[in-house]
């Protein structure tokens with residue numbers, strides 16, 4: 001039990017400083033664990049940047065510590081005036097409460113960074129609305145390590161706090177000079193620490209960015225500060241468009257011009273007006289792993305072989321980096337928006353179109369081997385009227401070897417699909433979503449790839465997923481329905497690879513897309529589409545091939561209309577990427593006016609034009625999200 005110390009009010013100052021330093025050391029120790037856990041990335045970053053990280057981190061660490069010291073400041077002010085022993089206990093129990101919460105935030109980031117390569121944020125908290133999804137998608141080792149770290153940091157932190165920091169203070173004699181100075185001076189000092197100094201603009205994440213290595217910068221940002229900022233920042237987006245750059249009439253005119261075509265026409269690539277359609281969304285397939293579009297050779301041999309008789313899209317890019325963003329992009333042609341995901345807002349579904357509703361006369365299905373609660377996909381799928389919906393709990397007699405932590409692996413999914421399609425009324429549309437290439441990568445196959453460092457398990461998971469895909473296509477060729485079927489393969493999003501792409505870079509968004517099957521005209525088999533494409537373009541392209549109207553999908557381009565503009569937009573947490581022909585591209589980050597992160601433009605005029613196009617696009621897109 002902590003002893004009570006009768007002392008002078010001036011001893012409050014060293015006690016306050018001990019508490020403050022305690023939090024700085026806590027933040028530093030958590031950062032050290034992060035570097036050690038992500039040892040491969042740390043090794044690539046270099047010891048110099050890692051050491052500098054602890055120095056630059058002080059800006060936000062001090063700011064966060066000052067927030068933690070607000071209550072102790074008030075308690076110590078009252079203690080300097082009154083002999084109230086219970087205030088000592090409030091001070092101590094505040095630390096006891098904060099320690100495990102802060103430890104959980106840091107521990108959570110170990111898994112968050114490994115999967116998403118970003119920090120814990122409002123988006124991740126929204127994802128945790130369904131804890132079972134997060135639990136099932138996390139590796140057991142991560143869960144155990146994170147739990148152990150929370151317990152360890154809390155236990156050790158409480159021990160060290162009681163031994164070296166906390167004292168039960170009883171002020172022997174009041175000193176009104178001290179109390180007055182404490183009341184007048186300390187709020188100003190704390191405020192300076194909170195805002196990072198006397199500069200006009202308060203401190204932000206960008207204040208601690210110093211390295212060209214994004215991993216180091218993310219580690220440098222104080223995790224508790226970052227999460228609090230993210231929650232506060234996102235709360236403003238419920239009814240307010242934070243991306244207003246131009247008069248709305250001007251922004252709308254710019255955006256409309258991007259989708260305007262001289263002639264509404266299409267090149268017909270199908271040999272039938274009512275083909276069966278099988279659309280498979282491949283979990284986390286990066287273009288870096290697909291040899292036929294410039295990736296590593298040998299990881300997707302079956303996909304590459306299928307592409308030899310299909311129509312391959314060589315410049316396809318994902319609109320987001322999460323599966324639920326891809327679902328809305330594919331079926332509703334709605335691009336990914338910064339900070340918020342429309343699929344999480346069921347009240348906005350009514351405003352979203354969905355091309356499934358335009359497939360009159362088609363029987364429709366959606367298959368997923370896991371829990372459709374992931375990312376709120378289930379409510380979206382049900383809302384849009386898929387007739388037959390099958391998820392993990394609906395699979396029966398699945399061998400244990402095909403059942404993983406996330407659900408039924410790809411072989412089990414494809415086998416169920418092949419069995420059920422025989423009963424479908426034709427023409428049919430069947431959407432399927434694979435999961436074996438999602439962490440924790442517990443696929444039912446021995447690992448064959450022995451390189452790739454931290455991504456080795458991911459590479460092997462795609463190798464397995466490709467094998468299962470090849471078997472599915474081979475079996476499908478023997479079915480009666482195959483001759484009148486169009487297959488569409490597209491990734492939901494990319495994934496970090498051994499190539500170490502920058503998180504915001506256009507290369508990080510490169511993903512495969514392939515049309516194939518006997519419904520495809522022979523002259524288009526074994527060919528490539530070399531213009532830009534992404535998931536939002538599927539709706540207009542497919543409906544045009546079926547002879548159906550697609551004007552209401554304003555964010556979708558019919559890729560086989562020769563008159564379309566060739567560009568790509570993609571969104572991330574706080575900005576956008578914009579890509580045009582001849583290698584011109586731009587990455588723009590809105591947060592804290594970071595502005596253009598990187599770009600390549602053939603001229604100053606082109607740079608200004610791309611920035612103008614991207615900003616107008618984002619302004620109108622986000623406003624549409626709000627208006628739904």
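The values are calculated or read from the model by the stated rules, or taken from the named source; none is laboratory data. Worth saying up front: this structure is predicted, and the values here are computed from it rather than measured. No Cβ is skipped: glycine too gets one built from the backbone with ideal geometry, and neighbour counts run over all protein chains shown.
List every residue pair whose Cβ atoms sit under 8 Å apart, with the two residues 6 or more apart in sequence or on different chains, where the first one lies in the range 290-316 and is at positive phi and the second, anywhere, is part of a helix (DSSP H, G or I) and surrounded by fewer than 20 Cβ atoms within 10 Å (Cβ to Cβ). Every condition considered, the pairs that remain are 298/291.
Residue 249 passes every criterion in (1) outside any loop (DSSP other than H, G, I, E, B); (2) at pLDDT below 95 apart from (2). When you check residue 36 against the structure, is it assigned to a helix (DSSP H, G or I) and either in contact with a helix residue (DSSP H, G or I) (Cβ under 6 Å, 6 or more places away or on another chain) or crowded, with 18+ Cβ neighbours inside 10 Å (or both), yes or no? Criteria not met by residue 36. For the range 287-325, a residue qualifies if it is closer than 23 Å to residue 474 by Cα and assigned to a loop (DSSP other than H, G, I, E, B), and the qualifying residues are 290, 297, 298, 299, 300, 308, 309, 310. When residues in the range 350-390 are screened for being free of Cβ contacts under 8 Å to residues at least 60 places away in the same chain, within 21 Å of the chain's Cα centre (by Cα) and not in a loop (DSSP other than H, G, I, E, B), 6 of them pass. Residue 163 meets all of the listed conditions (1) farther than 30 Å from residue 92 by Cβ; (2) part of a helix (DSSP H, G or I) but one, namely (1).
Could you look through the range 206-217, keep only residues that are touching a helix residue (DSSP H, G or I) at 6+ places or on another chain (Cβ under 7 Å) and modelled with pLDDT of 75 or more, and pick out the one that is farthest from residue 48 (Cα to Cα)? Can you show your working first?
Initially, the range 206-217 is screened for residues touching a helix residue (DSSP H, G or I) at 6+ places or on another chain (Cβ under 7 Å), giving 206-211, 213, 215-216.
Still in the running and modelled with pLDDT of 75 or more: 207-211, 213, 215-216.
Values: 207: 19, 208: 15, 209: 15, 210: 12, 211: 10, 213: 12, 215: 14, 216: 11 Å.
It comes out as 207.
Residue 597 passes every criterion in (1) closer than 30 Å to residue 355 by Cα; (2) touching a residue at least 60 places away in the same chain (Cβ under 8 Å); (3) not in a helix (DSSP H, G or I) apart from (1). Regarding residue 411, is this residue assigned by TED's automatic domain parsing to the domain that holds residue 304, farther than 30 Å from residue 340 by Cβ and part of a helix (DSSP H, G or I)? Here the answer is yes, as residue 411 does meet what is asked. Would the range 360-371 turn up any residue that is modelled with pLDDT under 90, touching a helix residue (DSSP H, G or I) at 6+ places or on another chain (Cβ under 9 Å) and not assigned by TED's automatic domain parsing to the domain that holds residue 121? Yes, the range 360-371 contains a residue that is modelled with pLDDT under 90, touching a helix residue (DSSP H, G or I) at 6+ places or on another chain (Cβ under 9 Å) and not assigned by TED's automatic domain parsing to the domain that holds residue 121. At pLDDT below 95, surrounded by fewer than 18 Cβ atoms within 10 Å (Cβ to Cβ) and not in a helix (DSSP H, G or I) - does that describe any residue in the range 148-155? No: the range 148-155 contains no residue that is at pLDDT below 95, surrounded by fewer than 18 Cβ atoms within 10 Å (Cβ to Cβ) and not in a helix (DSSP H, G or I). Could you please let me know if residue 571 is free of Cβ contacts under 8 Å to residues at least 12 places away in the same chain and within 30 Å of residue 231 (Cβ to Cβ)? Judged against the criteria, residue 571 is not a match. Considering the conditions (1) surrounded by 15 or more Cβ atoms within 10 Å (Cβ to Cβ); (2) outside any loop (DSSP other than H, G, I, E, B), residue 424 is excluded by exactly one of them, (2).
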